[in-house]
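Asks: One structure follows; several queries about it will come next.
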Amino acid sequence: MAVALLSRLHAHRRWVNQRLLESAQRLSEEQRRREFSIGQGSIWKTLLHLYAAEYVWLEALLGETAPVLPGDLPGALPGNQQGEGGIQSLEELREKWEELEQRWIAYLQGLSEVDLEQVVRKQSTSSGKGQVHQTRRSDVLMHVCLHAQYTTAQLINMLRQAGAESLPDSMLITLARQEMAQENQISSGEVD
């Protein structure tokens, strides 16, 4: 039951990420890089941070104690992209994020209830910086989704301030209603 619930939260996280990227795509480069006094300081930097956090946490779940996103400087907040080979464009970010999501899907499909109690070790880049913390796998999996929700709220606020024409609906209930409508169309034969 817990694995199914966590998988559902991660499916929602993936759905929201797609909507955030679609909204960012409709902005100019200037709007994406405009400085704000929230989040990571811009829509672009906050998207990078969101992607990087999901990357480093998956690596930690897979056994890497001090994971670093390619292009990031070690020891700094994920998504800093101040090293060599950093992500340069929204299209590149989208491609890398799609690859990462496939890895997340495969990881989640392989989880068992017993796995959730295992301990994950990860070196912190924020609270307790540099320390290796131990955390139950289930808590890491919840944290990734809750961090995504927190960061999504910041992004939506920045999108609003940047002048986005429409803001993405990031509510789980919206996803659930869309899925139910699709199921009803399929069961009634309305879908080609």
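The values are calculated or read from the model by the stated rules, or taken from the named source; none is laboratory data. Predicted, not measured: the structure shown is a model, and the values here were computed from it. Methodologically, a virtual Cβ is constructed for each residue, glycine included, from the backbone with ideal geometry; neighbour enumeration extends over all protein chains shown. Keep in mind that these areas ignore ligands, DNA and RNA; they rest on the heavy atoms of the full protein, side chains included. Shrake-Rupley method; radii C 1.70, N 1.55, O 1.52, S 1.80 Å.
Asks: Determine whether region 14-35 contains at least one residue that is in contact with a His (Cβ under 6 Å, 6 or more places away or on another chain) and in contact (Cβ under 8 Å) with a residue 24 or more places away in the chain. Step through it out loud before you land on a result.
Replies: Keep residues of region 14-35 that are in contact with a His (Cβ under 6 Å, 6 or more places away or on another chain), which gives none.
No, region 14-35 contains no residue that is in contact with a His (Cβ under 6 Å, 6 or more places away or on another chain) and in contact (Cβ under 8 Å) with a residue 24 or more places away in the chain.
Asks: If you take the residues in region 111-135 that are assigned to a strand (DSSP E or B) and of a type in the set (A, V, I, L, M, F, W, C), which one is farthest from Pro78 (Cα to Cα)?
Replies: Taking region 111-135 and keeping what is assigned to a strand (DSSP E or B), we get 119-123, 132-135.
Going one step further and asking which of them are of a type in the set (A, V, I, L, M, F, W, C), we end up with 119-120, 132.
Values: Val119: 21, Val120: 18, Val132: 16 Å.
Per the criteria, the residue is Val119.
Asks: Could you list all residues from region 20-52 that are surrounded by 19 or more Cβ atoms within 10 Å (Cβ to Cβ) and farther than 22 Å from Asn80 by Cα?
Replies: Within region 20-52, no residue meets the criteria.
Okay, residues lined up against (1) closer than 28 Å to Ser138 by Cα; (2) part of a helix (DSSP H, G or I); (3) basic (Lys, Arg):
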site	(1), (2), (3)
Trp15	yes, yes, no
Glu22	no, yes, no
Glu59	yes, yes, no
Ile87	no, no, no
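Asks: It is to be established whether one or more residues within region 53-76 are open to solvent by less than 50 Å² (accessible area, probe 1.4 Å), within 21 Å of Ala148 (Cα to Cα), free of Cβ contacts under 8 Å to residues at least 40 places away in the same chain and β-branched (Val, Ile, Thr).
Replies: No.
Asks: Taking the options Leu167, Leu155, name whichever one is part of a helix (DSSP H, G or I), within 30 Å of Arg32 (Cβ to Cβ), among the aliphatic types (A, V, I, L, M) and in contact (Cβ under 8 Å) with a residue 60 or more places away in the chain. Spell out the reasoning first.
Replies: Values: Leu167 fails: part of a helix (DSSP H, G or I).
Selected residue: Leu155, the only one of Leu167, Leu155 that is part of a helix (DSSP H, G or I), within 30 Å of Arg32 (Cβ to Cβ), among the aliphatic types (A, V, I, L, M) and in contact (Cβ under 8 Å) with a residue 60 or more places away in the chain.
Asks: What number of residues within region 106-152 are among the hydrophobic types (A, V, I, L, M, F, W, C) and free of Cβ contacts under 8 Å to residues at least 24 places away in the same chain?
Replies: Number satisfying all stated conditions: 4.
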